[in-house]
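The values are calculated or read from the model by the stated rules, or taken from the named source; none is laboratory data. Owing to the predicted nature of the structure, the values given are computational and were not obtained by experimental measurement. Glycine also receives a Cβ, built like all others from the backbone with ideal geometry; neighbour counts cover every protein chain displayed. We work out accessible area using only protein heavy atoms, side chains counted, and drop any ligands, DNA or RNA first. Shrake-Rupley method; radii C 1.70, N 1.55, O 1.52, S 1.80 Å.
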Amino acid sequence: MNERLREREQRYLMNTYKRAPVEFVRGDGALLFDSDGREYLDFLGGISVASVGHCRTEVLDAMKEQAGQLMHVSNLFYTAPMVDLAECLSKSSLGGAVFFCNSGTEANECAIKIARKAARRRGVEDPVIVTVDGDFHGRTYGSLSATPGLSRNPDFAPMVPGFGSVPFDDAEALEAAVGPGTAAIMLEPIQGEAGVFPVSDEFLLKARELCDRYEALLIFDEVQTGVGRTGSLWAYQQGPVRPDLMTVAKALGGGVAIGACIGSRGAGSVLEPGDHGSTFAAGPVAARAGLAVLDLVDRPETLRAVRDLGDQLGRGLAELDGVDEVRGRGLMIGVGLEAGIDAAGIAAVLLRDGLVVNAPRPDTLRLLPPFVLTVEQADLAVGKLASALSGTGRA
Ligand SMILES: *Cc1c(COP(=O)(O)O)cnc(C)c1O
């Protein structure tokens, strides 16, 4: 890649990311192209964002039309795309009202505020939100405080009070942690950033039971699992329980920043004028993008393709030398590698071989490909993984 670009990035951007040495200049469906004209299969999708494929015509056309008409007026006025998108989200999920924002972490901030206000309304003085070790909820202070692995970093203390966590998938610990002072249980139905770990039905049932018992809210963070990623429109639809609040973002805008906190009828009615807001949220362009994405994803044939491609990849990957286990659902796949294989090293080899993946933990590769992947492209990716695992990637 261009050395000058790398130098200027170091000089002018805060040093918060370890970027891979590639400059991408174009995307098309499940493919990316770099500044040297090399082609890549994108099995990361911008971290579960490009689910309908890069530069998908339907999304582009909707955005172009809207951008030429009206881009922004703020939430002090009515715009139709925002209402259309809220109706779509509500009807396809929890049935209550929606608050829009611009990212996953903001969607969770909204859920946290709702949970606290609902708890205070029923007389809880120090409401606590119980989360799960390994969960990732975002980088702003509320969401950060709800993210056990990051909230312990002393550099950013003090955290927001009122959060506790239990070990992953430990229903007994959850029962012990939840009580009359609990405002909410907040969890990812499948942990994404931790390395793709699905939560058991038993744990979800316990969480629902405890929330019902103590009038706490059950919050599902579907920022990564939502919008078709697991083979149903929302991940909770394949599980045994329904949350009271759900947060979504990532894939919803097809590449444009948009987030939403969706409520059930009760939880969606807690906030009142002045309680929360956002200048940019659900501006007409982002809302039109979201509508185009939902129209493409919320179709039986799309969701079936996600499940079928996921099954195909899962079978192929499980047979590879060096693969210990394959986790996940649909096209949210964690590939657990055998001891002694460095996942980051394999990811670097794969990148040079034209396959984009990431390594959320030292023993795991994560695959989040666009749903427009073909059967041939899926096989090609498994072949690239096979050769990377049999070759130089071993530590
Ligand atoms: C990515 C992610 C977030 C944060 O989303 P941002 O848009 O980066 O703020 C929150 N929760 C989960 C589960 C995520 O995967």
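Place a +1 charge on the Cβ of each Lys and Arg in segment 6-150 and a -1 charge on the Cβ of each Asp and Glu, then give the dipole magnitude about the Cα centre in debye, rounded to the nearest 20.
My answer is approximately 600 debye.
In whole percent, what relative contact order does the chain give with Cα contacts below 8 Å and a gap of six or more residues?
It rounds to 22 percent for the chain.
With a probe of 1.4 Å, find how much accessible area segment 6-162 has per residue, and write the answer as a whole number in Å².
Value returned for segment 6-162: 57 Å² of accessible area per residue.
Please identify, among GLY27, GLY266, GLY192, the residue showing maximal mean-square fluctuation in a Gaussian network model of the chain using a 10 angstrom Cα cutoff.
GLY266
Find the centroid of the Cα atoms in segment 1-57 and in segment 75-99, then give the distance between the two in whole Å.
Answer, in whole Å: 32.
Given axes a ≥ b ≥ c from the Cα gyration tensor, I'd like to know whether segment 99-242 is rounded (a/c under 1.5), prolate (a/b larger than b/c) or oblate.
Because its axes are fairly even, with a/c under 1.5, segment 99-242 counts as rounded.
Tell me which lysines have Cα within less than 29 Å of LYS117's Cα, excluding those fewer than 8 residues away on the same chain?
List returned: LYS91, LYS206, LYS250.
Would you work out what percent of the accessible area of the chain, with all protein chains in place, is carbon or sulfur (probe 1.4 Å)?
52
Can you give the charge dipole size of the chain about its Cα centre, rounded to the nearest 20 debye, using +1 on the beta carbon of Lys and Arg and -1 on the beta carbon of Asp and Glu?
Dipole about the Cα centre, nearest 20: 820 debye.
Protein chains only, probe 1.4 Å: how do LYS18, LYS64, LYS117 rank by accessible area, largest first?
LYS18, LYS64, LYS117
At R0 = 30 Å, how high is the FRET efficiency between ASP353 and ALA176 if r is their beta carbon distance? Nearest 0.05 is fine.
0.05
Pull up all non-local amide H partners of SER165: gap of 5 or more, or a different chain, and H-to-H distance under 5 Å with H placed in the peptide plane.
For SER165, the qualifying residues are THR131.
What percent of all Cα-Cα pairs in segment 141-216 falls in each 10 Å bin, counting up from 0?
P(r) for segment 141-216, in whole percents per bin: 18, 46, 32, 4.
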